[in-house]
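Report on the structure given below.
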Amino acid sequence: MSMDWKSYKPLLLPNIKNLHQIDVYEKNGGYDSLKDVLKNKDGKWAKDNVTNEVKSAGLRGRGGAGFNTGLKWSFMPKPDGGPRYIAANGDESEPGTFKDRQIFEYNPHLFIEGAVIAAYAMTVNAVYVYIRGEYRSWIQKLQNAVDEAYKKGYLGKNILGSGVDIDLYLHSGAGAYICGEESSLMESLEGKRGYPRLKPPFPAQKGLWGRPTTINNIETLSNVPFIIKNGADWYSNLGAAKHPGPVLYGISGHVNKPGVYEFPTGMPIMTLINEVAGGVRNGKKVKAVVPGGSSTPVLRADQLEGLTMDAESLREAGSMMGTAGLCVLDEDTDMIDFLWRITHFYHHESCGQCTPCREGTGWLEKLLLKIKNGEGEYRDLDILLDLCTQMEGRTICALADAAAWPVRYTISRFRDEFEARCKKTIYATA
Amino acid sequence: MPEIFIDGNRLEYEKPQKVLQFMLDHGLELPFFCYHPSLSIPANCRQCMVQAGTPVFNKEKNEYEKDENGERKIRFFPKLMTACSLDMSDGMVIKTHRTSDLVKRAQKDNLEFILINHPLDCPICDQAGECPLQIQTYKYGPEGSRFEFKKVHKPKRIKLGPRVTLDAERCINCTRCVRFCNEISKSNQLTIISRGDKNYPATAPGREFDDPYSVNTVDICPVGALTSSDFRFKARVWELNQTPGIDITNAKGTNVDLWTRNNLVMRITPRYNPEVNDYWMADAGREAYRLFNENRVSKPEIRLDGDNTTKTTWNNALETFVEQISSHAADEILVIGSPHASLEDNYILSKFFNKIGVNDVYYTPHIEEGAGDNFLLTDDQAPNTLGINYLDFTESDDLARQLSSNKVKIVVILNDNLLDRSAVTKEALKGKYVISLATNNSEMTNASDLVIPVTCAAEHDASYVSIDGRIQRTFPAKETVYTNRSINPEMGISRLDRYGTKFDNWISDQNKIDCIPAWEFFVRVSYRMNLDLDYTESREIMAEISSAFPVFEGISYERMDEENGVQLPSLKETEINPA
């Protein structure tokens, strides 16, 4: 598919001026999907049909885990008359990820439309949008869009005369990475300390305030309107077969033109770096790429050839799609410094609930700082890998895994560099 | 019946529980910190990890799938599971450290993590000796640590409130204290602040942790992070002797343990009784240890004239009592029983005076309106009000009026500070001969002409009836001059009590009080007055009470010990006091 990427017309962030204004959005076919759905709510677009359409489109969550979105929606129990919620996750605090804010800024109504369709499909009356607190101006931008949508009757009571009531509220985070984890996001929304919850019960059974809740990423929900408009078949033919659809690639690091670029899934990584992002700075070579946010295992340059950005291909290569926030590292990068900075982040952001993560993240950072300062010994590398084993899969949420994977894979893929740093000390002190 | 296989052993169960609780109920040990049977399950310490699997059920054949050896095929969870939060299911297979090296390793790893930022100051830590972290580290922990960096430093000696002191460095963030405040005492005063390895519990800024149940958090803290401000640095737990008892500061009948050393009660902690107090007790009850140790009446006291009193011998005290009682007519004697004294003492008091013709024994309840809550505090400040009601004592609505009658020449008061709680005034007692049987010095003993020192709840075995109609008994925890641990099997004996010598720091005779049980005093008096009142043990008195009063039918010390207290039948007023 990668042949025609240059002629690809963006869907999430189309190149239309002032699209964030509701008039412009409507003029360009905005809210048509919603109107279509609500008009045919007793026929073609009955609630289950919307869910099934999204399911068969193969839309996979864009927040990192890549779970089938329609399938997730179908986990919601039958309505019992009580409240049900959608929590839209716009916390976006994974380092190297900055895609949702483009949606808030350039196409907020697409997200609102998607959220309303999702809420309709799951019989939800309240959508909470949890936005990263640092996104001050984007919160304002989305709020403006929400106000416009209320005025035009796309939100609120009796939407477009269909009898469907859906409200959408904004809630800003207070700066904790962990609140992007779906269960601590719910705790945070409830006004509690952002500690991840124990599963089961899963959010679809007991979510916000103990009621059925679905948590979706902002970008995920923004995909919904054009699945409705163009159909599941059309959507599933976009990009990689098992991981279809458009994706916002956030490319950062040592490239000439860093930024957010929209292309279908399955883009070759080298194409993204060399052609989309204008190649590595100062004509240097790529040393490594972090494909999907800081917690995804780093890939060596020699692993990149022929590698495409989709879940299957990246899994084979020993990494993950994550949030599709690529971070490109050039040949001058000190991998020890790089890894230390990542462990510093996870040490700072561990919520401290579970023992292995609370204590392990700090220990990882201390060991890496020691190696970085040239005081490391060989056995420190073994301890680092040991600690990863001690942390992985032994905590309530995935933060311990997210902290351990970069360490495990950076050391195993760049071990010679780490050993070289350790060796020097031995010579120097001997 | 559904079954579960733990380390290869088949166990049956009726109702599915959490695996950890089921194991604990069956005496199977598994290390854990954050789990507490009365609190919600956060599964945050990650210490109770086990390998768990379920058999593969073939729906078409309607049977479990078998492997090549004919054994059930087990599908194990991909990750280790925390036993505390894992629900049992039929045919589940659990592997603990006894059979799984993976689990053994995980427990070791987790303890290594917990200990890297723990100060390891056991030698000066109050929790040492009863510390789950210490015990489990010895049992399941690594031999050493590979951590060679500076530990994270956090605040120490934080006064969270009037009764609780926090050492944040020792905290392992199990959140038991936070959950206690949220779920049990419902004061919501504690939370965890900060993040990651800087976490520790704290109150909101400017607020105090003054929850009336705050010290329970000290009991449930699995490390020495929360310590009792009062007990801190006073004693090592392995020097203490632990004796069961009852909280005597209110009518709830909270079950407690009295911890003594050298015949001083050092602290009082709750004793588990799901029928009364679960694992908890009110802070006020813990303060009662002072009543047992301080300001005690030791040796009888007699008034010479005016304000002069002196200690005297038992012989003199007994003779004086006999003289006073025999020189007055029955209607000149006012006898006041006490809701603060035991059933046995009150019963013998009333029996003795019945024998000399005094038929009515009065008492005033000790009520403080508003002191109670719906949990473990009651308006009733005495431990035995219901008990003496059952004994046919007459509640006096106006003691002052009864005292003002010129007829009354002698007032006998069983251990009750009527003056201190303004049930009577000093003026009303003027001109009467006041005999007090008392445990502690007070306004009441100061105003008495004869003070007989009697044993307190920490020194005798005696029973009390709680406000909910539960009869429970105490055990002697500290010795008096006349009792001896080594010959009284009711008394607890600590290592120090058993092996200590006069050369030890904590062995002396100085804390033994010269007092006798109130019932024993009346037995001795009866002997001098040729009355038939002969008992050698308080359990004999209980036996007599149980045959004399229908409400106490079938009650004995043995039964109370067996059943951890007995719920009395709830009788109507007429049945309790048959006409």
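Modelled spin labels at B:His328 and B:Asn308, positioned 7 Å past Cα toward Cβ, are 2.4 nm from each other. A straight Cα-to-Cα reach below 19 Å connects A:Lys44 with the aspartates and glutamates A:Asp32, A:Asp36, A:Glu53, A:Glu113, A:Asp233, residues fewer than 8 places away in its own chain not being considered. Inter-label distance, B:Arg207 to B:Asp379: 2.9 nm, where each label sits 7 Å from its Cα along the C-beta direction.
Given R₀ = 22 Å, FRET efficiency for A:Arg281-A:Ala301 by Cβ-Cβ distance, to 0.05? Walk me through the numbers on the way to the answer.
Values: r = 15 Å, r/R0 = 0.68.
About 0.90, to the nearest 0.05.
Annotation: extensible slack from B:Asp468 through B:Glu275 equals 68.5 nm (criterion: 0.36 nm per residue apart, minus Cα-Cα distance).
What does the average come to when, for each residue of peptide B:146-157, you count the partner chain Cβ atoms lying within 10 Å of its Cβ?
Values: counts 8, 6, 5, 7, 1, 1, 4, 0, 0, 0, 0, 0.
Counting other chains' Cβ atoms within 10 Å and averaging over B:146-157 gives 3.
Among the listed pairs A:Lys372/B:Lys151; A:Lys285/A:Lys370; A:Lys287/B:Lys151; A:Lys152/A:Lys242, a Cα-Cα separation exceeding 31 Å is found for A:Lys287/B:Lys151; A:Lys152/A:Lys242.
Sorting the segments B:402-410, A:74-82 by their mean number of nearby beta carbons within 10 angstrom, highest to lowest, gives B:402-410, A:74-82. Between the helical axis of B:101-116 and the longest alpha-carbon principal axis of chain B there is an angle of about 60 degrees. Only one residue of A:Gly180, A:Met391, A:Ile251 has its Cα farthest out toward the positive end of the dipole of chain A, where Lys and Arg carry +1 and Asp and Glu -1 on Cβ, and that residue is A:Gly180. Where a ≥ b ≥ c are the square roots of the eigenvalues of the C-alpha gyration tensor, would you call the stretch B:466-525 rounded, which needs a/c under 1.5, or, failing that, prolate if a/b is larger than b/c, or oblate? Verdict is oblate for the stretch B:466-525. The distance separating the Cα centre of the stretch B:212-289 from that of the stretch B:350-418 comes to 29 Å.
Extending 7 Å from the Cα toward the beta-carbon at both B:Asn315 and B:Leu102 defines two label points whose distance is 8.1 nm.
For B:Asn446 and B:Asp532, FRET efficiency with R0 = 51 Å and r from the beta-carbon atoms, rounded to 0.05? Before the final figure, lay out the partial values.
On the way: r = 35 Å, r/R0 = 0.69.
Taking R0 as 51 Å, the efficiency between B:Asp532 and B:Asn446 is 0.90.
For chain B, what is the percent of antiparallel DSSP beta bridges, rounded to the nearest 5? Around 70 percent of the beta bridges assigned by DSSP in chain B are antiparallel ones. Helical content alone sets the calculated 222 nm signal of the protein assembly as shown at -8500 deg cm²/dmol, taking -39,500 (n - 2.57) per DSSP H segment of four or more residues and averaging over every residue. 3J(HN,Hα) along the stretch B:220-231, derived from phi through the Karplus expression 6.51 cos²θ - 1.76 cosθ + 1.60 where θ = phi - 60°, amounts to 8, 4, x, 9, x, 6, 9, 10, 6, 4, 7, 7 Hz, with x in place of Gly and Pro. Residue order for A:Tyr128, B:Tyr535, fewest other beta carbons within 10 angstrom first, comes to B:Tyr535, A:Tyr128.
What order, most packed first, do the peptides B:258-270, B:483-495 have when packing is the mean number of other Cβ atoms within 10 Å of each residue?
Final packing ranking: B:258-270, B:483-495.
If the segment from B:Arg10 to B:Arg559 were pulled out straight at 0.36 nm per residue, it would be longer than the present Cα-Cα gap by 194.2 nm.
What does DSSP give for the protein assembly as shown in terms of the percent of beta bridges that are antiparallel, rounded to the nearest 5? Kindly include the intermediate steps, with their values, before the conclusion.
Details: 68 of 110 bridges.
Of those bridges, close to 60 percent are antiparallel.
Here the calculated FRET efficiency for B:Tyr482 and B:Phe503, from their Cβ-Cβ distance with R0 = 25 Å, stands at 0.50, rounded to the nearest 0.05. Peptide B:98-107 has a mean of 1 when you count, residue by residue, the C-beta atoms of other protein chains within 10 Å of its C-beta.
Measure up A:Lys157/B:Lys186; B:Lys108/B:Lys150; B:Lys73/B:Lys104; A:Lys78/A:Lys229 against 30 Å on the Cα-Cα distance and list the ones that go over. Could the numbers behind the result be given before it?
Values: A:Lys157/B:Lys186 38 Å; B:Lys108/B:Lys150 21 Å; B:Lys73/B:Lys104 23 Å; A:Lys78/A:Lys229 26 Å.
Over 30 Å Cα-Cα: A:Lys157/B:Lys186.
Add +1 for every Lys or Arg and -1 for every Asp or Glu among the other residues with Cβ under 14 Å from the Cβ of B:Glu558, and state the total.
Working: positive: B:Arg473, B:Arg539, B:Arg559; negative: B:Asp461, B:Glu490, B:Glu537, B:Glu540, B:Asp561, B:Glu562, B:Glu563.
Here the count lands on -4.
So how do A:43-49, B:226-232, B:393-399 stack up, highest first, on mean other-Cβ count within 10 Å?
Working: A:43-49: 13.9, B:226-232: 19.9, B:393-399: 15.6.
Going from most to least packed, we get B:226-232, B:393-399, A:43-49.
If you take every DSSP beta bridge whose two residues both sit in chain A, what share of them, in percent to the nearest 5, is antiparallel?
On the way: 18 of 39 bridges.
Counting DSSP beta bridges with both partners in chain A, the antiparallel share is about 45 percent.
Extension gain, A:Glu312 to A:Ala241, is 24.6 nm, computed as 0.36 nm per intervening residue step minus the present C-alpha separation.
Where a ≥ b ≥ c are the square roots of the eigenvalues of the C-alpha gyration tensor, would you call the stretch A:2-236 rounded, which needs a/c under 1.5, or, failing that, prolate if a/b is larger than b/c, or oblate? Since a/c stays below 1.5, the shape of the stretch A:2-236 is classed as rounded.
Averaged over peptide A:389-396, the number of partner chain Cβ atoms lying within 10 Å of each residue's Cβ comes to 5.
Bear in mind that the values in this text are calculations on the coordinates, not laboratory data. As the structure is a prediction and not an experimental result, all values here were calculated from the model. A quick note on method: Cβ atoms are made from the backbone with ideal geometry, for glycine too, and the neighbour counts reach across all protein chains shown.
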